[in-house]
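Visitor: After the structure tokens below, expect a handful of questions from me.
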Amino acid sequence: MAAPDIATLHRRALESTRGYLVGIATDQWAMPTPCEGWAVRDLLNHIVAGNLWAAELARGRTIPDVGSSLDGDVVGPDAVASYDTSAEAAAAAFEMPGALEAPCAVSYGPVPGSVYAGHRFLDVLIHGWDLAAATGQPTDLDPQLVDACWDVVRPQLSLLQASGMFGVEATSGASNTPQANLLAALGRSG
């Protein structure tokens with residue numbers, strides 16, 4: 001059985017994160033998350049905006065083309081509907097024929113769509129865990145997604161850690177599982 005491609009893994013991470021999103025209670029939107037300075041709603045806004053950016057850039061648009069259209073609150077009054085719309089747009093963009101080979105004009109330079117899809121997979125999966133941890137939900141991620149995420153992270157771990165976007169490497173504590181080690185490498189205790 002062949003390993004799933006990155007577009008399939010990305011879609012599965014979007015589905016996983018949606019499961020955490022629907023578990024957020026109305027009184028939890030202002031709660032802090034493991035992402036310093038971001039409340040639950042702020043983090044969801046980041047995820048939705050990232051999905052919308054992915055949909056644009058994976059279809060060949062550039063950052064100047066998109067401009068400021070995705071700045072500010074992109075969640076609106078219906079968080080689940082906004083997430084669903086953005087998730088489907090991002091997933092569909094990476095699933096288009098040729099999308100994983102085509103260059104994406106991201107902020108860190110043009111990269112193949114497969115690289116950008118890998119970064120979006122990582123972002124969505126880990127931020128799903130962040131939402132779950134912040135809102136007291138079970139935080140066990142799909143082990144196949146964790147293993148695939150490690151495959152994305154390992155070759156660029158030092159770059160990701162140096163970027164400042166993931167926090168300081170944490171300790172995985174007593175749990176020496178692939179998930180705990182992945183989270184620790186990305187600055188999370190879990």
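Visitor: Filtering segment 103-118 down to residues that are aliphatic (A, V, I, L, M) and within 18 Å of R11 (Cβ to Cβ), which residue is most open to solvent (accessible area, probe 1.4 Å)?
Guide: V115
Visitor: Please give the number of the condition D130 fails out of (1) in contact with a Pro (Cβ under 9 Å, 6 or more places away or on another chain); (2) over 15 Å from I47 (Cβ atoms); (3) part of a helix (DSSP H, G or I).
Guide: Looking at each condition in turn, D130 falls short on (2).
Visitor: Provide a single number: the residues in segment 82-102 that are open to solvent by less than 70 Å² (accessible area, probe 1.4 Å) and either of a type outside the set (A, V, I, L, M, F, W, C) or part of a helix (DSSP H, G or I) (or both).
Guide: Summing the residues that are open to solvent by less than 70 Å² (accessible area, probe 1.4 Å) and either of a type outside the set (A, V, I, L, M, F, W, C) or part of a helix (DSSP H, G or I) (or both) in segment 82-102 gives 12.
Visitor: Further question: Is there a residue being in contact (Cβ under 8 Å) with a residue 40 or more places away in the chain, hydrophobic (A, V, I, L, M, F, W, C) and in a helix (DSSP H, G or I) anywhere in segment 16-27?
Guide: Yes, that holds for at least one residue.
Visitor: If I filter segment 41-81 down to residues being within 22 Å of Y20 (Cα to Cα) and free of Cβ contacts under 8 Å to residues at least 12 places away in the same chain, which single residue comes out as least open to solvent (accessible area, probe 1.4 Å)?
Guide: Checking each candidate, the answer is G76.
Visitor: Ok, one more. Given the criteria open to solvent by less than 40 Å² (accessible area, probe 1.4 Å) and under 16 Å from E15 (Cβ atoms), does W150 qualify?
Guide: For W150, the condition - open to solvent by less than 40 Å² (accessible area, probe 1.4 Å) and under 16 Å from E15 (Cβ atoms) - is not met.
Visitor: Sticking with this structure for a sec: Evaluate the following for P103: is it at pLDDT below 95 and more than 23 Å from R18 (Cα to Cα)?
Guide: When the stated conditions are applied, P103 passes them.
Visitor: Out of everything in segment 44-61 that is within 16 Å of L100 (Cβ to Cβ) and assigned to a loop (DSSP other than H, G, I, E, B), what residue ends up being nearest to the chain's Cα centre (by Cα)?
Guide: Only one residue fits best here, namely A58.
Visitor: Which numbered condition trips up G136, out of (1) touching a strand residue (DSSP E or B) at 6+ places or on another chain (Cβ under 8 Å); (2) at pLDDT 95 or above?
Guide: Evaluating G136 over (1) touching a strand residue (DSSP E or B) at 6+ places or on another chain (Cβ under 8 Å); (2) at pLDDT 95 or above leaves (1) as the failure.
Visitor: Taking the condition of being closer than 23 Å to G37 by Cα, over 17 Å from the mean Cα position of the chain (by Cα) and either open to solvent by less than 90 Å² (accessible area, probe 1.4 Å) or modelled with pLDDT of 75 or more (or both), how many residues in segment 160-179 meet it?
Guide: Matching residues across segment 160-179 total 3.
The values are calculated or read from the model by the stated rules, or taken from the named source; none is laboratory data. What you see is a predicted model, and the numbers here were worked out from it, not measured in a lab. Positions of Cβ are generated from backbone atoms using ideal geometry, with glycine treated the same way; all protein chains shown enter the neighbour counts. The accessibility values were calculated without ligands, DNA or RNA, using every heavy atom of the protein model including side chains. Shrake-Rupley method; radii C 1.70, N 1.55, O 1.52, S 1.80 Å.
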